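The structure appears right after this line, and notes come after that.
The values are calculated or read from the model by the stated rules, or taken from the named source; none is laboratory data. Here the structure is a predicted model, which is why all the values come from computation and not from measurement. Virtual Cβ from ideal backbone geometry, glycine too; neighbours counted across all protein chains shown. The accessibility values were calculated without ligands, DNA or RNA, using every heavy atom of the protein model including side chains. Shrake-Rupley method; radii C 1.70, N 1.55, O 1.52, S 1.80 Å.
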Amino acid sequence: MRLYAAAMDGDQARVKQILADMLSGRNGHVDVDLSSELQALQDFFLALHSLALTDELTGLNNRRGFLRRAARLLEMAAREMRAAVLIYVDVDHLKRVNDVLGHEAGDRLLSRTSQVLRDAAGSSAVIGRLGGDEFAVLEASTDRTDHNQILDRLQSAVDACNASAAAPELSLSIGIADFEPRRPVAIFSLLEQADRIMYRDKRRESRRFDRALRAVR
């Protein structure tokens with residue numbers, strides 16, 4: 001159980017120590033012949049950690065990985081009395097893209113979304129694909145004026161993506177929630193807030209996409 005927990009946390013030093021203890025037996029000394037096995041086991045458990053927390057298609061954090069890393073970022077933000085902002089992103093019309101153009105086109109749209117989020121987010125941001133067509137970005141923020149900067153970067157990244165890629169056009173619905181260090185809340189609460197706002201944005205979508213999608217069939 002200790003080994004599993006250390007592997008899931010990605011704690012390389014702790015994984016190595018636990019494996020060394022297991023292989024050394026009671027004498028507290030790792031046999032030279034076992035050193036290669038120790039390294040192999042360590043690599044194996046750290047690979048498991050990566051697989052367990054990474055989305056295979058996009059290479060971003062999966063839901064579990066995002067929640068773990070986002071919770072740590074919020075804990076740090078609360079300790080340091082820093083604000084943070086959560087951006088909840090939904091890829092518009094993904095089901096229709098899958099139905100009309102095929103799942104490969106849908107996967108390309110998801111991969112393009114992941115790159116757009118990487119381009120728009122700050123270097124310390126936590127980015128994840130929560131499942132299906134839903135993504136989230138959490139990053140430290142000094143105040144609400146950062147929203148405009150973040151959204152401007154995101155819009156610029158979407159525009160650049162659409163200018164350089166074939167149809168269908170990438171369109172995102174977005175919701176934003178603020179983390180206030182004086183009134184800290186869990187990541188689940190921020191996700192719920194941003195999700196509600198995102199769906200309001202999604203309902204405003206016009207029928208323009210339907211016409212564009214029919215044009216590329």
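Given (1) at pLDDT 95 or above; (2) touching a Pro at 6+ places or on another chain (Cβ under 6 Å), identify the lone condition not met by Asn61.
Of the numbered conditions (1) at pLDDT 95 or above; (2) touching a Pro at 6+ places or on another chain (Cβ under 6 Å), the odd one out for Asn61 is (2).
Got a number for residues in the stretch 88-100 being in a helix (DSSP H, G or I) and either open to solvent by less than 20 Å² (accessible area, probe 1.4 Å) or not β-branched (Val, Ile, Thr) (or both)?
6
Restricting to the stretch 62-87, give me the number of residues that are part of a helix (DSSP H, G or I) and of a type outside the set (Asp, Glu).
16
If I filter the stretch 191-213 for residues that are touching a Gly at 6+ places or on another chain (Cβ under 6 Å), within 15 Å of Leu73 (Cα to Cα) and modelled with pLDDT of 90 or more, do I get at least one hit?
No, the conditions are met nowhere in the stretch 191-213.
Determine whether the stretch 174-188 contains at least one residue that is in a helix (DSSP H, G or I) and at pLDDT 95 or above.
Yes: the stretch 174-188 contains one or more residues that are in a helix (DSSP H, G or I) and at pLDDT 95 or above.
Could you list all residues from the stretch 177-196 that are in contact with a helix residue (DSSP H, G or I) (Cβ under 6 Å, 6 or more places away or on another chain) and either surrounded by fewer than 21 Cβ atoms within 10 Å (Cβ to Cβ) or within 29 Å of Val100 (Cβ to Cβ) (or both)?
Matches in the stretch 177-196: Pro181, Pro184.
Looking at (1) modelled with pLDDT under 90; (2) farther than 25 Å from Arg68 by Cα; (3) open to solvent by 30 Å² or more (accessible area, probe 1.4 Å), find the lone condition where Pro168 falls short.
The failed condition is (3).
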